[in-house]
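Asks: Have a look at this one before I ask anything.
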Ligand SMILES: Nc1ncnc2c1ncn2[C@@H]1O[C@H](COP(=O)(O)OP(=O)(O)O)[C@@H](O)[C@H]1O
Ligand SMILES: [Mg+2]
């Protein structure tokens, strides 16, 4: 058996909330990194990929569990890893040379040796001639080359990368990826293992020897498998597309649902208040949902999500929330990576705007607990307004602060579109929508007349 | 990176090229010569200062009114400001650093900053002076130190806060890069924290130094009961000149003041701003940059560079190596299981207990002082507080009344801005306290009392904050918004209500907050002034503070200062902060 370099044993991560709740971001997870592998960690955004990476590097301590570096607790070990960041994380006030030299300086290396090594690595990544330039004079691709040079100059045993190509345009990213692969395969760099975090499925299949897919709420490993494709890998090959398709299926499979609750004779569901849990609202705009549904209709009402993404030139992170939202509202069903439009979905896609709003309103109130609660709360109050804070506190028990804010933002967005309610941003209060108010007034007037 | 077009180098023959070479080679020599001259000048300055500090043992300093004495006086004032500034810089960095990294002290230190920023510094003047005179062997040095300490307390807090908030806002990935690449504390400070904080520190330094002039002018010459403290400097020169009604001397003094401020701007701030440009945390290179020949000189001097190579470089190499070794040792130790912690918990407990005891002892005695205040005096103080409150707000309103239309006009008309802005900047940079005696003299001539005069004096120092902010706000209103107003033929009232006022609102609030703080502080000088051996005063909190200072009634001084600090803090919390929040949410114009 190979010696593992880094081994995580039942690591967990909690973040403390302002309201003294703790939100679990990573549920107990085992993971190890062995020599000779490129590992890709895939998952939707917010699933805890970066959090896991930071625990594996020793940058942040796990809330429970332990990370070992060559079987020694990582906090007290002489860890030799590097990170390439999505935002490059270069020091803008240092030249390219000084940026790359800084880690060597931190290790107390002699100036002459430092210089030699820095120049050599700049040469390797194709940056000779740029030593005296400042990062802001460089293009994005060149900047990330500096990021790579800085990471490689210390000859790390494990090279970590957190979405290193996400901020680059497609061609630049492709170019850098293949150069990195070449360095790795020709063993130009003494790095033992590479750990790549990405949300780009093709990128993972293109580079990795092993792929780990992370699910969310809280983050957990969905699958972990080896990729046996030969390098160089051909994006058009059947084996390649099959693998990509498989990962799409894993990512779009709805999480296990709780069993159906008993039904009352009226057909309305009885809900146990204690079991009430907010669904995670996908952060999609109503306009985006309509657009997707129209596209599915164009594809004869049913198609591979993979192909839809391709058609839209969307990355999985852009498309998934929209698919999730359409599914949540009952406009779309997803099975085995295929999206099929429902009857209401088709009607929604074909209607004009007022009818669309009506359909959306019905779907939202039926399917989204948070929206239903907001509407009820407004109705229950005599002044027809409810502070946002009230829902913030309830969501806070279930989501991280950041996510809570995003959930509210999406709910406000949907509610305004569906004219379920309005939101007064300066007072941070939900108020009854003008339209609803009119309808109610008309109704009560009619009653008085009668 | 400048590349000349090919034809350009072709036209230039070989001989001109050779001449250019000579010039190129001789330039560094010239630069070195300049640097050497500056070095010599600095040395001479130190000698002069030392001579004055240790030579003057005679208690009575006579302030000459001859213009020939002015250069030396100006030099003394500049040195005072400079020393106080350096002290502030070091302290601010230390304070901000500690607050940012010590979780236990953070909340306390930041609350402290908030309060210290709102306390009227001038009310400390007497206490500080007396303490310093008692502490130092010769009285002159004591007064000198007192002045420096006072300027320091006036300028340090905003810098400390700026450094603290810069550290706190360092992007997460940048900080993680420093961690993963094992930066030591020193390397972190030099390569991450200081550069990241540099721009904020530079701008706050400019504000601080301007504030420093304000205080210096006030404390170079002041009276405490029977004692008369004076320091040779620009402030005392102006006050003496105003006291004797010497118009020529006043004109010379003001001229010196303005030239110092223009020179500081040209020879210190411009090079520093140009240099700090490289610390901008932006991803694209900005087009418009401030250039400075002086910076060019310093950066291209071979002498300075080799000086650096000989001194700082070996030092930093040694330090970095030491830190790296220490880290290795620490790791070896912790992996072998021995966990010896430096600094026993007992010591820490002892220090905390000691600090608590000392603080409570002093606080208890200060409160004991308050028992001596009689009820009638307390009522007087409250009455004064009300008067000063009204005066501060009237001055704010008056200032806003003329600066809003003027600022909007300047902001909307680039051609007007080109003429008006430099003039306003120079006018604004003359410390109001330097003009106080002059304006008072004029007021007395026309027969106005200090009641109205003090409002004018408060405005003098604070209106500029509002003006500059309004100009910035008007410039920030997108031109398409203005065009819409024109397109739909908005009436003037409509334009102001829907476009201009909401657009400048956040800026206006920022200006008013600063101006309000400044006006409270100015009240201490503005409501009570000694001129030509007579004391002018009016009812007010500031006047009570100054009067208590003059007569040595420390209990009243303490109470009045507390009342003023309390009022400033309360107004900030109840009025300005909510307005600020409103400005940040509803009236934010996002580009
Ligand atoms: N410092 C933090 N405090 C609180 N919550 C955090 C913090 N860092 C991350 N989170 C939360 O943890 C979750 C996972 O974040 P992250 O690891 O960055 O996900 P990913 O990299 O997969 O997009 C997110 O919901 C985020 O809001
Ligand atoms: Mg991430």
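What follows draws every value from the coordinates through simple rules; no lab data is involved. The structure displayed is predicted, hence computed values, not measured ones. Reconstructed Cβ throughout: ideal geometry from the backbone, glycine too, with neighbour counts over all protein chains shown.
Asks: Over chain A, calculate the relative contact order: mean separation of alpha carbon pairs under 8 Å at least 6 apart, over the residue count, as a percent.
Replies: Rounded, it is 15 percent for chain A.
Asks: Further question: Determine, from the Cβ-Cβ distance of residue B:413 and residue B:244 and an R0 of 41 Å, the FRET efficiency 1/(1 + (r/R0)^6), rounded to the nearest 0.05. Can you show the working numbers first?
Replies: Working: r = 44 Å, r/R0 = 1.07.
Efficiency, rounded to the nearest 0.05: 0.40.
Asks: A further question follows. I want to check the label-to-label distance for residue A:311 and residue B:489. Put each point 7 Å from Cα in the C-beta direction and report it in nm to one decimal.
Replies: Computed distance between label sites residue A:311 and residue B:489 equals 5.1 nm.
Asks: Can you work out the base-10 log of I(q)/I(0) for region B:87-167 at q = 0.13, 0.21, 0.26 1/Å, using the Debye formula on its C-alpha atoms alone?
Replies: The calculated log intensity ratios at q = 0.13, 0.21, 0.26 Å⁻¹ are -0.47, -0.90, -1.10.
Asks: Apply the a/c threshold of 1.5 to the C-alpha gyration tensor of region A:12-114 and tell me whether it is rounded, prolate or oblate.
Replies: Judged from the Cα gyration tensor, region A:12-114 comes out prolate (a/c at least 1.5, a/b above b/c).
Asks: What's the average, rounded to a whole number, of partner chain beta-carbon atoms within 10 Å of each residue's beta-carbon in A:146-157?
Replies: 1
Asks: Residue by residue through A:83-93, how many Cβ atoms from other chains fall within 10 Å of the Cβ on average?
Replies: Per residue, the average neighbour count from other chains is 6.
Asks: For helix A:434-449, report the angle its Cα long axis makes with the longest principal axis of the Cα atoms of chain A; keep it between 0 and 90° and round to the nearest 10°.
Replies: 10
Asks: Just to verify a number: FRET efficiency for residue B:258 and residue A:183, C-beta to C-beta distance, R0 = 56 Å, to 0.05?
Replies: Numbers: r = 63 Å, r/R0 = 1.12.
E between residue B:258 and residue A:183, to the nearest 0.05, is 0.35.
Asks: In angstroms, what radius of gyration and Dmax does region B:293-437 have, counting Cα atoms only?
Replies: Using the Cα atoms of region B:293-437, the pair Rg, Dmax is 30.5, 73 Å.
Asks: Round to a whole angstrom and tell me the spacing of the C-alpha centers of region B:233-264 and region A:62-120.
Replies: 57
Asks: Which percent of Cα-Cα pairs in region B:412-495 sits in each 5 Å bin, short to long?
Replies: 3, 12, 16, 15, 13, 12, 10, 9, 6, 4, 1
Asks: Give the relative contact order (percent, whole number) for region A:14-73; include only Cα pairs under 8 Å separated by 6+ residues.
Replies: 22
Asks: In the protein assembly as shown, what % of DSSP beta bridges are antiparallel (nearest 5)?
Replies: Here the antiparallel bridges make up roughly 70 percent for the protein assembly as shown.
Asks: When the helices in chain A are scored as -39500 (n - 2.57) per DSSP H run of 4 or longer and the sum is shared across all residues, what 222 nm value do you end up with, to the nearest 500 deg cm²/dmol?
Replies: Details: 16 runs with 196 residues, N = 450.
-13500 deg cm²/dmol, from helical runs alone.
Asks: Another question, if that's okay. Hull surface divided by four, with the convex hull built on the Cα atoms of chain A: how many nm²?
Replies: Dividing the Cα hull surface by four gives the mean projection, 27.5 nm².
Asks: While we're here: Quote the FRET efficiency, to the nearest 0.05, computed for residue B:207 versus residue B:358 with a Förster distance R0 of 45 Å and r equal to the Cβ-Cβ distance.
Replies: Rounded to the nearest 0.05, the efficiency is 0.85.
Asks: Be a star and scan region B:542-569 for residues whose amide nitrogen sits under 18 Å from the point 7 Å along the Cα-to-Cβ vector of residue B:370.
Replies: Residues B:545, B:553-569 fall inside that zone.
Asks: Per residue of A:98-106, how many C-beta atoms from partner chains lie within 10 Å of its own C-beta, taken as a mean?
Replies: Whole-number average of other-chain Cβ neighbours for A:98-106 is 5.
Asks: If you build a Gaussian network model of chain A, linking Cα atoms that sit under 10 Å apart, which residue out of A:321, A:111, A:387 swings the most?
Replies: Most flexible of the set in this elastic network: A:111.
Asks: Quickly rank B:355-363, B:155-163, B:195-203 as a protection proxy: mean count of other C-beta atoms within 10 Å, highest first.
Replies: B:155-163, B:195-203, B:355-363
Asks: If you project the alpha carbons of region A:6-252 onto their three principal axes, what span does each projection cover, largest first, in Å?
Replies: 48, 47, 34
Asks: Taking every Cα atom in region B:119-213, find the radius of gyration and the maximum pairwise distance Dmax, and write them in Å.
Replies: Using the Cα atoms of region B:119-213, the pair Rg, Dmax is 18.4, 54 Å.
Asks: Distance from the Cα centre of region A:341-382 to that of region B:494-563, in angstrom?
Replies: Taking the Cα centre of each part, region A:341-382 and region B:494-563 sit 58 Å apart.
Asks: Moving on. I need two numbers for the protein assembly as shown: Rg to one decimal and Dmax as a whole number, Cα atoms only, in Å.
Replies: My reading of the Cα-based Rg and Dmax gives 34.9, 108 Å.
Asks: Between residue A:434 and residue B:426, with labels modelled 7 Å along Cα→Cβ, what's the label distance in nm to one decimal, could you check?
Replies: Calculated label separation equals 5.5 nm.
Asks: Related question: What is the distance in Å between the Cα centres of region A:272-328 and region A:174-198?
Replies: Between the Cα centre of region A:272-328 and that of region A:174-198, the gap is 34 Å.
Asks: If you don't mind, there's one more thing I want to ask. So for region A:6-252, averaging the separation of alpha carbon pairs under 8 Å that are six or more residues apart and normalising by length, what relative contact order in percent results?
Replies: After rounding, I find 28 percent.
Asks: In chain A, what % of DSSP beta bridges are antiparallel (nearest 5)?
Replies: Percentage antiparallel, nearest 5: 65.
Asks: Among A:134, A:68, A:248, which one moves the most in a GNM of chain A with springs linking Cα atoms closer than 10 Å?
Replies: Maximum fluctuation in the GNM of chain A, among the listed residues, is at A:134.
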